[in-house]
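Readers should treat all values here as calculations from the given coordinates under stated rules, not as data from a laboratory. Computed from a predicted model, the values in this text were never measured in an experiment. Because the Cβ atoms are built from the backbone with ideal geometry, glycine has one as well, and the counts that use them run over all protein chains shown.
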Amino acid sequence: MLDLKRQYQPLHQELLAAVGHVLETQQFILGEQVAAFEQAAAHQLGVSHALGCSSGTDALWLALASAGIGPGSTVLTTPFSFFASVSSILRAGATAVLADIDPTTFNLSPTAVEAVLDGPQGKAVRAILAVHLYGQCADWTAFGRIGHERGVKLIEDAAQAWGAEWNGVKAGALGDVAAFSFYPTKNLSAAGDAGMVTTNSDVIAERAKMLRQHGMRRRYYHDEIGWNTRMDGFQGAILAVKLRYVGGWNHARHTVARRYQAMFHAAGLAEAGPYPSRGVVLPHEAAGSRHVWHQYVIRTARRDALRAFLAERKIGSEIYYPVPLHMQEALKCLGYGAGSFPEAERAAREVLALPIFPELREDEQQTVVSAIAEFLS
Ligand SMILES: *Cc1c(COP(=O)(O)O)cnc(C)c1O
């Protein structure tokens, strides 16, 4: 599914030198390495502020809290994402409300969002938290308009989308504030847990800086109850090195995705979406979107049997995500149930992520596609 050693090998010397530098300077928490990474990251994304923190989950909490979301606020998000997209809203003390997804992109549906905003829960909504799932931005033409018209804040869960764009604007620079994750499997990854908050707002940035260090503006003077969610120096140093390569890696992912597309078409397996019948529905890149292919996700009717068939042949695949968030045990408190979000529930039964990473070889992809062809024949 993912071979991280292929990324590490050519960077071995550079990463060791970066780690060595942190040991030389003994700056283990934030410090000059993290500051340098933050500056380079902000520059690359075209955003005014980038603040390193300890994970993507903490970045989501920090983004929400620094945008003024807390007890009494309601945040609207998707049921089809990683758990943290919803749990961070609850951790911030706010209420989470969900809307269904678009079946072609798997991202939050602007139409479903507007229906909720027009419904009984709509008036309480202070923010929309849109996830750029699998490395493709949510429909920001629509969300930008909705945010403006309705006066709600727009928050990006960009954990899977470093380098993705919507009409030439990078993820992280689209909303009021955004959260990134550098978990080791993400397309820009640390050597442990790390995350980042980005924003163009000086006010939000100042609050985020304060909240990531126990609400301190001055050392040992606490203005608010924050948290300890600082990035450590080793992660900053490693990420600063990888930041110089991530553009090339995203380009290589794009090449891998195009090759899958060509191979599935050549094998006669590709079918028009959004729902599968006998073949495979390939991922859809929306107009105006620059996908970074964090995941390559197909839809297929006999998904679980296909996954078992691939596993027997030692071919990795993954399901992101098998249980929609409104059906998670821990989130029963949201008050939804089976049938609440039919698109998310159907996607959870049909999606399958195939191996994709910058160093994946053409012959390996051919093995994957041939096995799927054999299963479907
Ligand atoms: C990975 C991920 C997170 C959480 O990031 P961590 O760094 O693992 O805490 C949040 N949202 C999405 C969509 C993710 O993929």
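Things to note:
- Just so you know, the Rg over Rh for the chain is 0.97, from Cα atoms, with Rh as the Kirkwood radius.
- Charge dipole of the chain (Cα centre as origin; +1 on each Lys and Arg Cβ, -1 on each Asp and Glu Cβ, all else neutral): 160 debye, rounded to the nearest 20.
- Rounded to the nearest 20, the Cβ-based charge dipole of the stretch 247-376 about its Cα centre (Lys and Arg +1, Asp and Glu -1) stands at 80 debye.
- Helical content alone sets the calculated 222 nm signal of the chain at -12500 deg cm²/dmol, taking -39,500 (n - 2.57) per DSSP H segment of four or more residues and averaging over every residue.
- Cut-off 14 Å between beta-carbons: net charge of the residues surrounding residue 85, Lys and Arg +1, Asp and Glu -1: -2
- Principal semi-axes in Å for the stretch 1-151 [√(5λ), Cα gyration tensor, largest first]: 36, 19, 14
- Alpha-carbon Rg/Rh ratio, for the stretch 205-245, with Rh computed the Kirkwood way: 1.16
- Relative packing of peptides 164-175, 322-333, 349-360 - highest average C-beta neighbours within 10 Å first: 164-175, 349-360, 322-333
- The stretch 247-376, Rg to Rh (Cα coordinates; Rh as Kirkwood inverse mean 1/r): 1.00
- Cβ-derived FRET efficiency at R0 41 Å, residue 287 paired with residue 5, nearest 0.05: 0.65
- The stretch 117-223: C-alpha pair distances exceeding 25 Å, %: 31 percent
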